[in-house]
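The values are calculated or read from the model by the stated rules, or taken from the named source; none is laboratory data. From a predicted model like this one, the values you see are computed outputs, not experimental measurements. We place every Cβ from the backbone using ideal geometry, glycine too, and count neighbours over all the protein chains shown. Ligands, DNA and RNA are stripped out before the accessible areas are found, and what is left, the full protein with its side chains, is counted by its heavy atoms. Shrake-Rupley method; radii C 1.70, N 1.55, O 1.52, S 1.80 Å.
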Amino acid sequence: MTLATLTPIPVPEPPRGWAGRARWALADAWTITLRAFAHWARKLDELLIGLLFPVMMVLIMGYLFGGQMKVPGGGNYREFIMPGMFAMTMVFGVEATFAAIANDTAKGVTDRFRAMPMAPSAVVAGRCVADMINSLVSLVVMVGCGLLIGWKWHEGAGKAVVAFGLLLLLRFSLLWMGAYLGLVAKGPESIMAVQILVWPISFLSSALIAPSTMPGWLGVIAEWNPMSATATATRDLFGNPGLTSTGSWAGDHSLLLAVLWPLVIIAVFLPLSVRRYRNLAR
């Protein structure tokens, strides 16, 4: 058989209509999600380390340094830090999203996906779905850790559900930031640059200490940190100690900011991620 007699394999055309395209995009995104699950199944040790690292942070901050920490308005320091640690756990996941997408891009996997008849948004959306499921598992582990060391919510199940929703909303928004940074990175080794940004931003917040204890200008930056808004709002919803009014607009409207900040981040980085993915081969 000669090359001239070979019959080319027909490439399926994208479905017509918004409903068909939506089903197409969801199916492709779920396929990418299952791919991420398969990778995690082969690297269970890395997955377990990622789940246990925040627990170790809670034990270090709660028991090693907790005796020297004063909670604004009084109260148990371990109860004070748990909402902050929940928020920090959501932020730390940016590194995993970045590394996974940057690694696929550097190895040419993303280019192979582009050559397939699949929805342009499926690669980043599928990765984000997988990471959101992983984030939910991380949050469950952290809640279990908190309950074991004496943390609990005091304002009823309804407010607790809202608090957990705010935490996952923050995580969802930062996933798109991680996806975009992973697509523009030169390679997975650039994760060091992301860590240099994530760690100071995480600690420059109200997660572990009150901004009122910081120098004036630094406290203002900490109060306007998106993670501070989520940590303070969830602290309020859980009824945990540390809720003293600072007199600042950001501190007194943390619940509003805990919703607005993630929406702004999503509005910026979601379209940037999809556009960057489409333009990779150009």
Order by accessible surface, 1.4 Å probe, largest leading, for residues Met192, Met118 comes to Met192, Met118
Burial-style ranking of 213-220, 140-147, 228-235, average other-beta-carbon count within 10 Å with highest first, yields 228-235, 140-147, 213-220
Projecting the Cα atoms of Ala41, Pro226, Cys145 onto the charge dipole of the chain, where Lys and Arg contribute +1 and Asp and Glu -1 at Cβ, the residue farthest towards the positive end is Ala41
Long-range alpha-carbon pairs in the chain, meaning those over 22 Å apart, account in percent for 60
Within the chain, pairs of Lys residues whose Cα atoms are less than 27 angstrom apart, provided they are eight or more positions apart or on distinct chains, add up to 5
Relative contact order as a percentage, the stretch 25-133, C-alpha pairs under 8 Å and 6+ apart, gives 57
Counting only protein heavy atoms with a 1.4 Å probe and every protein chain in place, the carbon and sulfur fraction of the accessible surface of the chain in whole percent equals 69
By accessible area (1.4 Å), largest first, Glu155, Glu46, Glu79 order as Glu46, Glu155, Glu79
Largest-first ranking of Arg278, Arg78, Arg23 by accessible area, probe 1.4 Å, whole protein assembly kept, is Arg23, Arg278, Arg78
Heavy-atom accessible area per residue of the chain, all protein chains kept, 1.4 Å probe, expressed in Å², is 52
